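Following: one structure in C-alpha cells, then a few remarks.
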C-alpha cells in the first residue's frame, strides 16, 4: 500500500534524486520514466524499476491505480509527492502524476541479428521524437533490432520514449557506435545494407528485402554521407508526388520496413541465416 505521508519538501532525498536526473537527462545506467502507461510498459518489458513517486490524483484513475498496484507487486518503493513537486519533475505541459527511476535496459548485440535479421540503422538521428517513432515502427514491422549510431538522440529521453510508446524498452538496440563500425559488424554477419535517400537509384518496393537485411536511414537534415551510401547494396527511394521532395525519416523508414515485412510474409521459404 502507498504510504500515508506526502513528501512536501524540496530537500527530501528522493525528490532531489529525481530532480537531478530530470535536469541531467538519462545517464549511462539510469533513466526517468514519466506516466502510468510507460511505467506499466517498462514493468511488462522487465525493466528494473528502482523507485517511484506519484501525485495523489493518480490513485483515482484506472491506469494510475493499475500502475501503482503493479509497482507495489514488483516490490518497488513508492512514495507520494505533493502535486507541485511532481509537476516540477515533468517534461510535459500537464504532468501525468507519476515518475519512476529505472535501470536502463541493455541488450545482447547478438539479438539484433537472430534468425533472418531485419535491422534498423539510424545514423545521427538527433530529433528524439523521430528516433522514438523509428523504434516504434521497427518493432511494429517485426525488426530484430536497431543500431543507433553516434550522434543519435537518447532513446530513453522523455520525447523519445513518448515517440516509441515503450518500444525502446523491448526492441533490442545498441547505441553509440560509429556508423562505419555498425556497418562492419553487419557485413561480417552477411547482412545486406540498404540505404534510403530521396534520390536513391531503386524504388523501395523493387528491392528484394526477404533475406538478412538492414535499413539505413540518415539524419533529418544532412541525410547520409556519400561515403556511407556507397557501402550500401543499394540506395532506395520512395516515389513522391511534387511538390513534395522527401518524407520524414520515421515515415520513410516505416514504409521500407513494412515493405520488408510484406515480402517476408509472402515468402515463407525465404533463406535463413
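Miscellaneous remarks
- Residue 113 being touching a residue at least 60 places away in the same chain (Cβ under 8 Å), crowded, with 22+ Cβ neighbours inside 10 Å and over 20 Å from residue 21 (Cα atoms): yes
- Meets criteria (more than 15 Å from residue 219 (Cα to Cα), in a loop (DSSP other than H, G, I, E, B), touching a helix residue (DSSP H, G or I) at 6+ places or on another chain (Cβ under 9 Å) and in contact (Cβ under 8 Å) with a residue 24 or more places away in the chain) for residue 152: no
- Residue 267 surrounded by fewer than 19 Cβ atoms within 10 Å (Cβ to Cβ) and touching a strand residue (DSSP E or B) at 6+ places or on another chain (Cβ under 6 Å): no
- All positions within the range 48-69 that are within 24 Å of the chain's Cα centre (by Cα), outside any helix (DSSP H, G or I) and surrounded by fewer than 22 Cβ atoms within 10 Å (Cβ to Cβ): 48, 49, 50, 51
- Selected residue (criterion: surrounded by the fewest Cβ atoms within 10 Å (Cβ to Cβ)) from residues of the range 1-43 that are touching a helix residue (DSSP H, G or I) at 6+ places or on another chain (Cβ under 8 Å) and over 25 Å from residue 61 (Cβ atoms): 9
For every residue, the table says whether it meets (1) at pLDDT below 95; (2) within 22 Å of residue 221 (Cβ to Cβ).
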site: 105; (1), (2): yes, no
site: 117; (1), (2): no, no
site: 132; (1), (2): no, yes
site: 137; (1), (2): no, yes
site: 185; (1), (2): no, no
site: 191; (1), (2): no, no
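- Unique residue being farther than 30 Å from residue 37 by Cα, surrounded by fewer than 17 Cβ atoms within 10 Å (Cβ to Cβ) and modelled with pLDDT under 95 when the list is 245, 181: 245
- Test for residue 254: is it out of contact with any strand residue (DSSP E or B) (no Cβ under 9 Å at 6 or more places or on another chain), within 23 Å of residue 164 (Cα to Cα) and either outside the structural domain of residue 138 (by TED's automatic domain parsing) or crowded, with 18+ Cβ neighbours inside 10 Å (or both): yes
- Residue check for residue 122: touching a residue at least 24 places away in the same chain (Cβ under 8 Å) and within 20 Å of residue 209 (Cα to Cα): yes
- Matching residues, the range 70-98, being loosely packed, with under 14 Cβ neighbours inside 10 Å, more than 20 Å from residue 17 (Cβ to Cβ) and at pLDDT 95 or above: 73
- Qualifying residue in the range 132-140 (condition: surrounded by fewer than 24 Cβ atoms within 10 Å (Cβ to Cβ), outside any helix (DSSP H, G or I) and in the same structural domain as residue 212 (by TED's automatic domain parsing)): no
The values are calculated or read from the model by the stated rules, or taken from the named source; none is laboratory data. All values reported here derive from a predicted model rather than from experimental measurement. Don't worry about glycine lacking a Cβ; one is built from the backbone with ideal geometry, like all the others, and counts go over all protein chains shown.
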